[in-house]
Amino acid sequence: MNEVKLRDLAHSRTGDKGDTSNISVIAYRAEDFAFLCEQLTAERVAQYFAGLLGSDAAPVQRYVLENVRALNFVLPGILRGGVTRSLALDAHGKCLGAALLDLQLARG
């Protein structure tokens, strides 16, 4: 079994609204998109960010955007109040996309 970092197959963009962050993961190559859809589930992203989401957070949602080879994840509550209320250094959640790209994926 071969392991690959998500960053080797895709790049990311992030956005925020209130205390919710969106992370889009966009495949570099069309042939990797199906693999990303298989490996990168809402549950796996929620597990990866479990320490930031907390146990009372609403479920992570995943949206598939096939025409642009992207997955968009919505993570409610991860920004702990958002820009105007959070004391976090990254109140916009811009680092979350980079953190997700560090995820190891099993290819085999």
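Laboratory data are not the source of any read-out in this text; all were calculated from the coordinates shown. As the structure is a prediction and not an experimental result, all values here were calculated from the model. Methodologically, a virtual Cβ is constructed for each residue, glycine included, from the backbone with ideal geometry; neighbour enumeration extends over all protein chains shown.
Using the basic label-point model (7 angstrom from Cα toward the beta carbon), what is the Phe35 to Val68 distance in nanometres?
My value for the distance between the label points is 2.3 nm.
Just from its helices, what would the mean residue ellipticity at 222 nm be for the chain, if runs of 4 or more DSSP H residues each count -39500 (n - 2.57) and the sum is divided by every residue, rounded to the nearest 500 deg cm²/dmol? Could you put the intermediate results ahead of the total?
Values: 4 runs with 25 residues, N = 108.
The helix-only estimate for the chain comes to -5500 deg cm²/dmol at 222 nm.
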